[in-house]
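This report refers to the structure that appears directly beneath it.
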Amino acid sequence: IKAAKSFQPDWTIVDLPGDLPSYVADVRGKLCVIDGLGHCGNIKPDLIISQGFEGEYCAPSYLILREALARYKGVRGRGPGAGRWLVYGGASDELGLLPAFNRVMTSQPANLLVTDYIDHSFETVKDHTIVKGSGDASLGWVAGAERAAVHLGMICHELAYYGIPQWIFSRTERHLATAMEMDKRGYCLSWGRIGLPNDNDLRNFLERENEPLGEPFDLEGARRVLELMEAG
């Protein structure tokens, strides 16, 4: 904000989780907020881009996905993820999805994707491989997966872009609302409550038939956002 006061920007773009801090009200020029789930909080920006499904400018049309996804389009079922589950519990796996999958799906080959997850002490069963990767380095594993069990996040939009069946779990009410909307639109199956179910229900949920039917996401969201900004 201090840097922005040294000149007169046309726009200031803010991408922060949760409600905006009060100092954002001091920005110069127009304010654009990239909001994960469509709740901008107590500050009224000039433009709100929701990565969820709330608001005028929201997913899927205004979903901002990285262009690097296109490099891996069409590799499902090939490469390192061929015929395997992708299991990702979020950066720190707050729900404990990785060890839970290890317990209940021992007969299914899986790649357990970790980014900031520190505790690797849980037992890794046969054919469950821990893959350490973040950013674009993980896209080959994501795109090549046959199916995925994941914590709600941008990875769910990326999996939808690739048309990969996914079973989604949520940590908060806001997460759950977005996951259920994705379910309603045919992009996934969402567990209908916060957190993980017991092991028996988890196994039954992951064994449900699941073929995504939602209209595929594209990579034009960022361009559409720029067009909105240029229009003022």
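The values are calculated or read from the model by the stated rules, or taken from the named source; none is laboratory data. Remember, predicted model here, so these are calculated numbers, not experimental data. Here the Cβ positions follow ideal geometry from the backbone for every residue, glycine too, while neighbour counts run over all protein chains shown. Just so you know, the surface numbers come from the protein's heavy atoms only, side chains and all, with ligands and any DNA or RNA stripped out. Shrake-Rupley method; radii C 1.70, N 1.55, O 1.52, S 1.80 Å.
Using a 1.4 Å probe over the heavy atoms of the protein chains, calculate the carbon and sulfur portion of the accessible area of the chain as a whole percent. Intermediate values should be presented prior to the final figure.
On the way: 5590 of 11500 Å².
Carbon and sulfur: 49 percent of the exposed surface of the chain.
Where the centroid of each part is defined by its Cα atoms, how far is the range 23-37 from the range 153-196 in Å?
The two parts, judged by their Cα centres, are 27 Å apart.
Whole-Hz ³J(HN,Hα) for each residue in the range 211-220, computed from phi via Karplus 6.51 cos²θ - 1.76 cosθ + 1.60 with θ = phi - 60°, x for glycine and proline: what do you get?
Values per residue, Gly and Pro as x: 10, x, 10, x, 4, x, 6, 10, 10, 9 Hz.
List the lysines whose alpha-carbon lies under 28 Å from that of LYS30, not counting same-chain residues fewer than 8 positions away?
LYS2, LYS5, LYS44
Hey, what's the range 185-232 come to in accessible area per residue, 1.4 Å probe, Å²?
Values: 2920 Å² over 48 residues.
The answer is 61 Å² per residue.
Measure nothing fancy, just the Cα-based angle from helix 173-184's long axis to the longest principal axis of the chain, in degrees from 0 to 90, nearest 10.
70 degrees
Could you calculate the contour length gain from LYS44 to LYS30, that is, 0.36 nm times the residue separation minus the distance between their Cα atoms, to one decimal place in nm?
Numbers: separation 14, 0.36 × 14 = 5.04 nm, distance 1.07 nm.
Result: 4.0 nm gained on full extension.
Name the long-range amide H neighbours of TRP11: under 5 Å, sequence gap of 5 or more, or other chain; modelled H, no Pro or chain starts.
Those lying under 5 Å, H to H, from TRP11 are LYS30.
For TYR57, list long-range residues whose amide hydrogen, built 1.01 Å from N in the peptide plane, is under 5 Å from its own amide hydrogen.
SER50
Per residue, what accessible area does the range 59-109 have, given a 1.4 Å probe and all protein chains present, in Å²? Don't skip to the end; give the middle numbers.
Details: 2210 Å² over 51 residues.
Here the per-residue accessible area is 43 Å².
Hey, what do the phi angles of the range 221-231 turn into as Karplus ³J(HN,Hα) couplings, whole Hz, using 6.51/-1.76/1.60 and θ = phi - 60°, x for Gly and Pro?
For the range 221-231, the Karplus curve yields x, 4, 4, 5, 5, 4, 5, 4, 5, 5, 6 Hz.
Whole-Hz Karplus ³J(HN,Hα) for the range 144-159, in order, using 6.51 cos²θ - 1.76 cosθ + 1.60 and θ = phi - 60°, x for Gly and Pro?
x, 5, 7, 6, 8, 10, 9, 7, 4, x, 4, 4, 5, 5, 5, 5
Using DSSP to call loops (not H, G, I, E or B), can you name the GluC sites (Glu not before Pro) in the range 87-171 whose Cβ has at most 15 other Cβ atoms within 10 angstrom? Intermediate results must be reported in sequence, preceding the final value.
Numbers: sites: GLU94, GLU123, GLU146, GLU158; in loops: GLU94, GLU123, GLU146.
When the GluC sites (Glu not before Pro) of the range 87-171 are filtered for loop state and at most 15 Cβ neighbours within 10 Å, GLU94, GLU123 remain.
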